[in-house]
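Here is the structure we will look at.
Every number here is computed from the coordinates shown, using simple stated rules; none is lab data. These figures come from a predicted structure and were not determined experimentally. Note that each Cβ is placed from the backbone with ideal geometry, even for glycine, and that neighbours are counted across all protein chains shown.
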Amino acid sequence: MSTPVKVAVTGAAGQIGYSLLFRIASGALLGPDTPIELRLLEITPALKALEGVVMELDDCAFPTLANVVIGDDPEQVFDGVNAAMLVGAMPRKEGMDRADLLAANGRIFTGQGAALGKVAADDVKILVTGNPANTNALIAKSNAPDIPAERFNALTRLDHNRALSMLAKHLEVAVTDVEGLAIWGNHDDSMYPDLYNTRVNGKVAADLVDEAWITDTYIPTVATRGGAIIKARGLSSAASAANATIDHMRDWMLGTDGKVVSMSVPSDGSYGVEEGLISSFPCTVADGQYSIVQGLELNEFSKERIAASVARLASERDQVRELGLI
Ligand code: NAX
C-alpha cells in the first residue's frame, strides 16, 4: 500500500467525531485502496474518552486504517496533515450571546489556524464544521497567511443534503434526479437553497412546485432542520453532519465529475459576494481544485436572499475583527 494520507479531526471525542472517525477509517473518504493515518485532537479533559474511541477503532480492524495519533497539542497533531476536519468547537451555553460564542470559538480557531500554518503538509485542505463554521474558517484562514486562502472551506453540505432530500421527497423523485441544487450564503437560518437554478429530470425545480411552498415551507424547513432534530432526538445532528463532512472533503479531494455541490469557500467576488468572505456557492471540483459555478442567472428573490445571508457573514466578520481575531 501507498504512504498513508494523514487526516486530522478535531473534537474527535464528540458526537460528530463518533460517527466520523469510523467512516473515514473504513474507506468512506478516500476509498478502499488508500491507507489513512488519523490524527485526533481533543482538549485535555476529553483525552481519556478519546482513548476509548481509539480502542474501538482498533477493534474494527479496518484494513485502510494504518495508524492513529491522538493529543491535545495542535502543532503535534497537525504535523504533516493532508486534510484537516475542524469539528471541535465550544457549544453555546446558557447566558452566552453570539458575541461571547464568537470570542470563545475565535480563540480555538486562531490557535488551530496558526498551528496548521506551521506544520501541515503543503497540500493541506481544511474544512470547518464547528459553528459558526463560516466565520471560524475565516478566523483560521486569517491566522495562517502561508496557506493559500482557497484551502479553507466551511461546511454547508449538510444544508445541501437536507435541501436535496426534502425536494426529492416532495416531488417523489430520486435524489439522483436532482441536479444543480446549491446553498448560498451562511450556515445559519439565512442560508438560501436556490430552486430556480435546480433541475429535476431536466425541468426547472421552481416550476414544479408552488412559489408559496418555496418561501413558506421549503426554505424555513431546511433552515430549521437542525432544531427539529434536537427536538426529536434530544441531541443535535451528528451522523448526518459527519456524513456531510465526509461528502465535502471526499468531493474536494477526489472531484465531483461535473456534479454541482455546495461548498463554503472564500469569495472571489463572484455574484457580488464581498471578496474574502467564506460563503456557500454552487461549486464543482476537478484535480483537487474547486471552482465556483459561473454564469448562473439569479432572479430578484434569489439576489435578495443571498444578500441577506451574506450580510450576516459580513456582520460576523466585523465582530471577530473588532475582537482582534482576524
Ligand atoms: P460535541 O460537543 O459532542 O463535541 C465537540 C467536541 O469538541 C468535544 O469533545 C470537545 O471536547 C471538543 N473540543 C472543544 N474545544 C476543542 C478544541 N479547542 N480542540 C479540540 N477539540 C475541542 O459537539 P458535536 O455535536 O460533535 O458538534 C461539533 C460542532 O459541529 C459544534 O460546533 C456544532 O455546532 C457543529 N455542527 C455543525 C454543523 C454544520 O452543518 N456545519 C451541523 C452539526 C453541528 O451542529
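Things worth noting here:
- The DSSP beta bridges internal to the chain are antiparallel in roughly 45% of cases.
- For the stretch 90-100, the Karplus equation 6.51 cos²θ - 1.76 cosθ + 1.60, evaluated at θ = phi - 60°, returns couplings of 7, x, 5, 9, 4, x, 8, 9, 4, 5, 4 Hz by residue, with Gly and Pro reported as x.
- The calculated P(r) of the stretch 5-154, using every Cα pair and 10 Å bins from 0, goes 12, 43, 34, 10, 1 in percent.
- In terms of the mean number of neighbouring beta-carbon atoms within 10 Å, the peptides 141-147, 167-173 order highest first as 141-147, 167-173.
- Using the Cβ of T3 as centre and a radius below 15 Å, the other residues enclosed give a net charge of -3, where K and R count +1 and D and E count -1.
- Alpha-carbon Rg/Rh ratio, for the chain, with Rh computed the Kirkwood way: 0.95
- Rounded to 10°, Cα long-axis angle of helix 47-60 versus longest principal axis of the chain: 80
- Cα-centre dipole for the stretch 5-154 with unit charges at Cβ (Lys and Arg positive, Asp and Glu negative), debye to 20: 440
- Per-residue ³J(HN,Hα) for the stretch 275-288, Karplus 6.51 cos²θ - 1.76 cosθ + 1.60, θ = phi - 60°, Hz, x for Gly and Pro: 4, x, 5, 8, 10, 7, 9, x, 9, 10, 10, 9, 6, x
- Sorted into 5 angstrom bins from 0, the C-alpha pair distances of the stretch 136-293 split as 2, 9, 17, 22, 21, 16, 9, 4, 1, 0 percent.
- Axis of helix 239-254 versus longest Cα principal axis of the chain: the two differ by about 90°, to the nearest ten degrees.
- Other residues lying with their Cβ under 12 Å from the Cβ of K48 contribute a combined charge of -3, Lys and Arg counting +1, Asp and Glu -1.
- 5 angstrom amide H check on M263, placed H, neighbours 5+ away: F281, C283
- Helical content of the chain, expressed as a calculated mean residue ellipticity at 222 nm, amounts to -12500 deg cm²/dmol (DSSP H runs of 4 or more residues, -39,500 (n - 2.57) each, divided by residue number, nearest 500).
- For the stretch 239-313, convex hull volume per residue from C-alpha positions, Å³: 105
- Listed peptides 199-208, 229-238, 258-267, 150-159 by packing density, highest first (mean Cβ within 10 Å): 150-159, 258-267, 199-208, 229-238
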